[in-house]
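Trainee: So that we are looking at the same thing, I have put the structure below in structure tokens.
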Amino acid sequence: MERSLMKGNEALAEAAMRAGCKCFFGYPITPQTEISAYLAKKMAANGGLFLQAESEVAAINMVLGAASTGVRVMTSSSSPGISLKSEGISYIAGSDLPCVIINVQRGGPGLGGIQPSQADYWQATKGLGHGDFHVLVYAPASVQEMVDVVVKAFDKADEYRMPAMILADGILGQMMEPVTFPEIEAKNGDKPWAADGHKNKREHNIINSLYLQPDVLEKSVVDRYEKYKKIEETEADAESYLCEDAEIVVCAFGATARVAKSTVNQAREKGIKAGLFRPKTVWPFPAKQLQEASKNAKTLLSVEMSMGQMIDDIKLAINCSKPVEFFGRTGGVIPKPTEILDEIVRLGGAK
Amino acid sequence: MTYEIVLAGFGGQGVLFAGKVIAYAGLVDGKEVSWLPSYGPEMRGGTANCSVCVSDEPIGSPLILEPAILMALNTPSFEKFIDTVPAGGKVFVDSSMVDVTTDRTDIDVFYVPATELASQNGMNGMANIILLGKMMKETGMFDLPQIEAGLKKTIPPRKANLLDANINAIKLGMSN
């Protein structure tokens with residue numbers, strides 16, 4: 001397969017199209033605008049629809065409408081824009097509709113900055129809108145994975161009839177790396193629930209998230225949680241690197257995991273038994289995989305581009321059985337390998 | 001072998017383009033490569049830079065904080081990055097544009113009047129490529145056919161007529 005050099009944003013957009021995405025609704029915001037720009041050029045020629053909405057709120061509601069008809073649909077934004085979309089995402093989850101949402105994170109809160117960040121971890125995994133619901137959250141760490149996870153996200157969103165999010169960051173969106181496109185089958189899946197015209201041959205399909213009777217609403221939520229339970233058992237995914245004998249397990253996702261991996265290698269050269277645990281899904285969090293990866297660890301170290309939003313999930317995954325330390329930079333500052341190494345040496349090397 | 005490079009200058013001088021040529025040459029050569037631009041409020045006349053990594057190994061951080069190879073096309077970029085170059089590093093300076101020098105003796109600095117060379121040789125706007133040629137010669141990163149392959153991939157089809165001029169600019173840089 002031919003390797004080409006692409007920005008993460010563009011590779012993701014190309015992969016979405018190849019995976020059968022027929023509608024894209026977006027609104028520009030740095031550092032994800034290349035997704036919109038790429039699809040603006042290519043979507044129509046591929047038999048799809050590209051539309052720049054008048055706002056993020058409009059875009060996500062267009063996603064709700066398109067998803068209701070059963071087509072594969074995607075939207076993309078960066079942190080402040082995702083906050084604006086959160087009401088619509090809750091509606092989509094409450095309507096049991098599949099869609100793919102991209103968040104190429106930047107520094108926050110507020111308008112924040114435009115440099116890379118991971119400070120939307122809590123938002124993505126715990127509270128992407130009002131009400132009891134989850135979305136599948138994938139955390140790619142390379143341009144190749146931007147391709148691979150978007151294909152998977154469309155498949156899983158269809159399979160479970162729920163939104164799937166790609167939680168990327170400004171580094172992954174902006175950087176160019178070699179990428180290959182595997183054979184991707186443009187699918188749409190069988191969607192007997194879609195409101196796509198009954199042609200007098202079946203009952204109306206109704207897409208709705210309003211249930212005024214509490215017991216009916218409760219049942220719809222409880223049913224959804226049955227689905228979430230199954231997803232937690234089957235869809236959690238992670239990479240373990242040199243964890244087998246690791247005394248200090250560094251936990252990091254996304255672009256931060258790349259920096260952490262280099263640092264783990266440097267620590268090994270110093271004779272420190274360090275390993276890297278990288279969640280590839282952050283909801284569901286790969287708890288069982290982390291238990292296994294950290295079984296010989298004395299200490300865990302969470303490294304994030306935030307003030308430490310993944311620590312709680314790490315502690316829960318191991319039932320607080322070991323100390324979980326933290327090192328992070330935030331506001332758009334990327335952690336340096338040297339400062340992570342200093343932290344590893346301080347925690348794991350002092351024997 | 002791993003090359004860690006920062007290219008910096010004014011927006012419009014072609015630092016992102018020169019970085020892409022290196023990355024594409026690495027791609028064609030089967031290397032691992034990464035290219036990360038500074039992004040943000042940069043515009044024509046503002047400052048721009050990119051980090052490029054070419055390696056036989058998978059690349060960790062694409063952001064290069066201590067470039068062993070630096071290309072500086074203007075004075076602000078030279079001043080910003082010159083002290084980030086580790087000992088033994090190689091620095092390529094467009095001395096037509098950069099009016100300062102460094103006292104450092106632990107690095108090799110090549111002052112090439114690239115903008116002047118460009119205008120003397122009918123290559124206006126190709127100071128970046130002349131300096132890239134010099135970089136290839138002094139670092140041995142890629143030979144002429146390899147960097148030509150990188151140029152072919154980087155130059156968009158609608159500008160294919162500029163390929164020969166770019167190759168000549170590389171050659172001029174290599175001979176200086």
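The values are calculated or read from the model by the stated rules, or taken from the named source; none is laboratory data. Bear in mind the structure is a predicted one, so any value in this text is a computation, not a measurement. Don't worry about glycine lacking a Cβ; one is built from the backbone with ideal geometry, like all the others, and counts go over all protein chains shown.
This table checks each residue for (1) in a helix (DSSP H, G or I); (2) of a type in the set (S, T, N, Q); (3) touching a residue at least 12 places away in the same chain (Cβ under 8 Å).
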residue: B:Arg158; (1), (2), (3): yes, no, no
residue: B:Asn161; (1), (2), (3): yes, yes, no
residue: B:Asn166; (1), (2), (3): yes, yes, yes
residue: B:Ile170; (1), (2), (3): yes, no, yes
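Trainee: Working carefully through the options A:Tyr211, A:Tyr225, find the one that is on the phi < 0 side of the Ramachandran plot and not in a helix (DSSP H, G or I).
Mentor: A:Tyr211
Yes/no per residue for (1) within 14 Å of chain A (Cβ to nearest Cβ); (2) on the phi < 0 side of the Ramachandran plot; (3) in contact with a helix residue (DSSP H, G or I) (Cβ under 6 Å, 6 or more places away or on another chain); (4) not small (Gly, Ala, Ser):
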| site | (1), (2), (3), (4) |
| --- | --- |
| B:Glu57 | yes, yes, no, yes |
| B:Ala87 | no, yes, no, no |
| B:Ser95 | no, yes, no, no |
| B:Tyr111 | no, yes, no, yes |
| B:Met126 | no, yes, yes, yes |
| B:Glu138 | no, yes, no, yes |
| B:Leu144 | no, yes, no, yes |
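Trainee: Continuing with the same structure: Kindly establish whether A:Val222 is within 14 Å of another protein chain (Cβ to nearest Cβ) and at pLDDT 95 or above. Spell out how you get there, then give the answer.
Mentor: Details: within 14 Å of another protein chain (Cβ to nearest Cβ): no; at pLDDT 95 or above: yes.
When the stated conditions are applied, A:Val222 does not pass them.
Trainee: May I pose another question? Out of the residues in region A:56-76 meeting the condition of being surrounded by 19 or more Cβ atoms within 10 Å (Cβ to Cβ) and among the hydroxyl-bearing types (Ser, Thr, Tyr), tell me which one is nearest to A:Cys21 (Cα to Cα).
Mentor: Restricting to residues being surrounded by 19 or more Cβ atoms within 10 Å (Cβ to Cβ) and among the hydroxyl-bearing types (Ser, Thr, Tyr), the top hit is A:Thr75.
Trainee: For B:Pro62, indicate whether it is surrounded by 19 or more Cβ atoms within 10 Å (Cβ to Cβ) and within 21 Å of A:Gly8 (Cβ to Cβ). Show your work before the answer.
Mentor: Working: surrounded by 19 or more Cβ atoms within 10 Å (Cβ to Cβ): yes; within 21 Å of A:Gly8 (Cβ to Cβ): yes.
In short, yes.
Trainee: Can you spot a residue in region A:124-145 that is at pLDDT below 95 and either hydrophobic (A, V, I, L, M, F, W, C) or under 16 Å from the mean Cα position of the chain (by Cα) (or both)?
Mentor: To start, the set of residues in region A:124-145 that are at pLDDT below 95 comprises A:127.
Checking which are either hydrophobic (A, V, I, L, M, F, W, C) or under 16 Å from the mean Cα position of the chain (by Cα) (or both) leaves us with A:127.
Yes, that holds for at least one residue.
Okay, residues lined up against (1) in contact (Cβ under 8 Å) with a residue 60 or more places away in the chain; (2) under 26 Å from A:Gln118 (Cβ atoms); (3) surrounded by fewer than 19 Cβ atoms within 10 Å (Cβ to Cβ):
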residue	(1), (2), (3)
A:Lys199	no, no, yes
A:His204	no, no, yes
A:Asn208	yes, no, yes
A:Lys230	no, no, yes
A:Ile248	yes, yes, no
A:Ala252	no, yes, no
A:Val264	yes, yes, no
A:Ala274	yes, yes, no
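Trainee: Just to verify a result, which residue in region B:1-34, among those that are part of a helix (DSSP H, G or I) and without any contact (Cβ under 8 Å) to a residue 40 or more places away in the chain, is nearest to B:Ile167 (Cα to Cα)? Step through it out loud before you land on a result.
Mentor: At the first step, the residues of region B:1-34 found to be part of a helix (DSSP H, G or I) are B:15-28.
Within this subset, residues satisfying the condition of being without any contact (Cβ under 8 Å) to a residue 40 or more places away in the chain are B:16, B:19.
Working: B:Leu16: 18, B:Gly19: 16 Å.
Looking at the filtered set, the residue picked out is B:Gly19.
Trainee: Name the residues in region A:1-28 that are within 14 Å of chain B (Cβ to nearest Cβ), under 18 Å from the mean Cα position of the chain (by Cα) and in contact (Cβ under 8 Å) with a residue 60 or more places away in the chain, would you? I'd like the intermediate steps shown before the answer.
Mentor: Kept after step one, since they are within 14 Å of chain B (Cβ to nearest Cβ), are these residues of region A:1-28: A:1-11, A:28.
Next cut, under 18 Å from the mean Cα position of the chain (by Cα) only: A:7-11.
Once the filter is applied, which keeps residues that are within 14 Å of chain B (Cβ to nearest Cβ), under 18 Å from the mean Cα position of the chain (by Cα) and in contact (Cβ under 8 Å) with a residue 60 or more places away in the chain, region A:1-28 yields A:Lys7, A:Gly8, A:Asn9, A:Ala11.
Trainee: Looking at region B:105-115, can you tell me whether even one residue there is more than 20 Å from B:Lys31 (Cβ to Cβ), surrounded by 23 or more Cβ atoms within 10 Å (Cβ to Cβ), among the acidic types (Asp, Glu) and modelled with pLDDT of 95 or more?
Mentor: no
Trainee: Next up: Residue check: is A:Glu177 assigned to a strand (DSSP E or B), under 30 Å from A:Ile344 (Cα atoms), at pLDDT 95 or above and touching a Lys or Arg at 6+ places or on another chain (Cβ under 9 Å)? Full working, then the answer.
Mentor: Details: assigned to a strand (DSSP E or B): yes; under 30 Å from A:Ile344 (Cα atoms): yes; at pLDDT 95 or above: yes; touching a Lys or Arg at 6+ places or on another chain (Cβ under 9 Å): yes.
In short, yes.
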